[in-house]
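Down below is the structure, laid out as structure tokens.
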Amino acid sequence: MNCPYTWKSLLEPIINVTAVDLDETDVNILKVLQVNGRLSFRQISERVKVSVPTVSSKISSMENMGIIRGYQTDLDSERMGELSVVLTVKAKPSELKSVADRFQADEHVRKLFTLSNGRLLMICTFSGSHLINDFVGRLGDVPEIIEYDIANIINVIKEQQRALVEQNMIVVLQCSFCKKEIRDDPFKFKADGRDYYLCCQTCLKSFQEKYDKVKGKT
């Protein structure tokens with residue numbers, strides 16, 4: 001089965017926005033999902049007071065825009081006997097990305113942020129104190145690191161998702177192919193009742209080729 005949209009139609013129109021507003025239904029669905037991501041579309045529709053197809057369409061759209069990144073189980077690391085630390089790392093601005101790349105794939109690094117003060121912030125979790133020592137030892141082997149500071153988390157007072165769901169939210173669009181933020185006018189590709197946003201003609205073409213390949217197998 002071929003894509004019902006021609007290449008020419010995919011190029012028209014170019015949407016002159018880089019962000020979209022979430023309506024009240026979008027926000028209410030997100031609030032419900034933040035409390036319990038295991039609910040069915042029907043259960044969500046009952047809480048939000050909209051139809052099941054509306055819930056399905058809204059969630060699919062927010063997944064495509066990168067707002068909903070996934071559905072995960074919230075585990076309590078302390079009850080699992082694990083130890084967590086907060087680590088800040090200082091490096092030269094030109095070398096900060098290379099330092100971040102070193103630790104991005106490390107399973108002990110659970111969260112990794114670049115800060116405005118030219119430092120990296122890591123939240124790391126370990127199953128034993130000896131692994132913390134091993135990790136700190138590896139920090140000394142990274143020549144780009146100028147200095148670092150580490151502290152154990154001894155008590156969790158509050159821990160919630162960083163996303164704050166409020167009315168009148170504006171969402172920065174994410175490319176449906178390369179997953180980068182769209183900073184210029186995006187291309188909009190509509191298929192199977194869903195809207196997909198692409199950052200450039202290269203991603204648009206690659207996305208269409210991938211879409212045609214998948215649909216050709218069905």
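The values are calculated or read from the model by the stated rules, or taken from the named source; none is laboratory data. From a predicted model like this one, the values you see are computed outputs, not experimental measurements. Positions of Cβ are backbone-derived with ideal geometry, glycine not excepted, and every protein chain shown enters the neighbour counts.
For L39, only one of the following conditions fails: (1) modelled with pLDDT under 90; (2) farther than 29 Å from N155 by Cβ; (3) assigned to a loop (DSSP other than H, G, I, E, B). What is its number? Every listed condition holds for L39 apart from (1). Selection of first residues in the stretch 71-96 that are among the aromatic types (F, W, Y) and of second residues that are part of a loop (DSSP other than H, G, I, E, B) and surrounded by 12 or more Cβ atoms within 10 Å (Cβ to Cβ), restricted to Cβ pairs under 7 Å at least 6 apart or on distinct chains, gives the following pairs, ordered by first then second residue: Y71/G37.
Quick grid of which residues meet (1) buried (at least 18 other Cβ atoms within 10 Å of the Cβ); (2) assigned by TED's automatic domain parsing to the domain that holds L115:
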{"residue": "S60", "(1), (2)": "no, no"}
{"residue": "G70", "(1), (2)": "no, no"}
{"residue": "T88", "(1), (2)": "no, yes"}
{"residue": "K92", "(1), (2)": "no, yes"}
{"residue": "L96", "(1), (2)": "yes, yes"}
{"residue": "V99", "(1), (2)": "yes, yes"}
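Within the stretch 160-181, does at least one residue satisfy the condition of being farther than 30 Å from V85 by Cβ, surrounded by 10 or more Cβ atoms within 10 Å (Cβ to Cβ), small (G, A, S) and in contact with a Ser or Thr (Cβ under 8 Å, 6 or more places away or on another chain)? No, the stretch 160-181 contains no residue that is farther than 30 Å from V85 by Cβ, surrounded by 10 or more Cβ atoms within 10 Å (Cβ to Cβ), small (G, A, S) and in contact with a Ser or Thr (Cβ under 8 Å, 6 or more places away or on another chain). Considering the stretch 159-218, and only residues there that are basic (K, R) and part of a helix (DSSP H, G or I), the residue that is nearest to the chain's Cα centre (by Cα) turns out to be K210.
Scanning for something under 25 Å from L33 (Cα atoms) and crowded, with 17+ Cβ neighbours inside 10 Å, does the stretch 197-205 turn up at least one residue? The answer is yes, given that some residue of the stretch 197-205 is under 25 Å from L33 (Cα atoms) and crowded, with 17+ Cβ neighbours inside 10 Å. For the stretch 123-158, a residue qualifies if it is more than 16 Å from S84 (Cβ to Cβ), aliphatic (A, V, I, L, M) and assigned to a helix (DSSP H, G or I), and exactly one does: L139.
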